[in-house]
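Colleague: What follows is a single structure, and I will ask about it in a moment.
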């Protein structure tokens, strides 16, 4: 289309038009495994960091969550059942591994600031913003994590690769927000539809929790010569 608009202008078929260059496709190599493990270790153990950053960064590094979806979480999306903590993601609840589960429940139970108004009756933003009724902006949370050396795209790519080692593509896509239904799909095949049946979906979500738990527990063995990076961000106050 751009080439056509340029041609019509040169041929004086149309008047001056602005032809926008095609957007450059975003690409980033996955975060190296050792660096990912060290960052997870920092988030899960460093109590001097802001709780919001610890939870948000862990969701990105462990479960490949998009920051644009993280900031839209409400306290209702965090559910506690029989001493286990679940997070509403995609088409069903996702069991969170420890210690991320405890951190997320602590964040949910944190008394909201004056600026944290309700999303709906009895519900509040999990990551409230500074303005009344607003959630933390995507750009602001991205910058907060960047100060902790967490680049969203490389971190998500690394987490997705880790999860993809054991999860079917349909379940992984649903978990990280890329599920879709092809028009010609039939209801009998999870692979054909792009969706998993309920039993398969729950098994996949349980497996995702197991993989995330393995990554979280792996921070105890980052390598003999590896040192956990010292984050540049501190315990910032609520914004």
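Colleague: By average Cβ neighbour count within 10 Å, what is the ranking of 32-38, 211-217 from highest down?
Modeller: The most tightly packed comes first, giving 211-217, 32-38.
Colleague: What base-10 log of the normalised intensity I(q)/I(0) is obtained for region 33-85 from the Debye formula, alpha carbons as equal point scatterers, at q = 0.13, 0.18, 0.19, 0.30 Å⁻¹?
Modeller: The Cα Debye sum returns log10 ratios of -0.37, -0.69, -0.75, -1.16.
Colleague: Suppose R0 equals 22 Å. What FRET efficiency, 1/(1 + (r/R0)^6) with r the Cβ-Cβ distance, do residue 47 and residue 98 give to the nearest 0.05?
Modeller: So, using R0 = 22 Å, E works out to roughly 0.90.
Colleague: Something else about it: Which order results if 43, 153, 87 are arranged by neighbouring Cβ count within 10 Å, fewest first?
Modeller: Taking fewest neighbouring Cβ atoms as first place, the list is 153, 87, 43.
Each value in this text was obtained by applying a stated rule to the coordinates, not by laboratory testing. Values in this document were obtained by computation on a predicted structure and should not be read as measured data. Please note: Cβ atoms are built from the backbone with ideal geometry, for glycine as well, and neighbour counts cover all protein chains shown.
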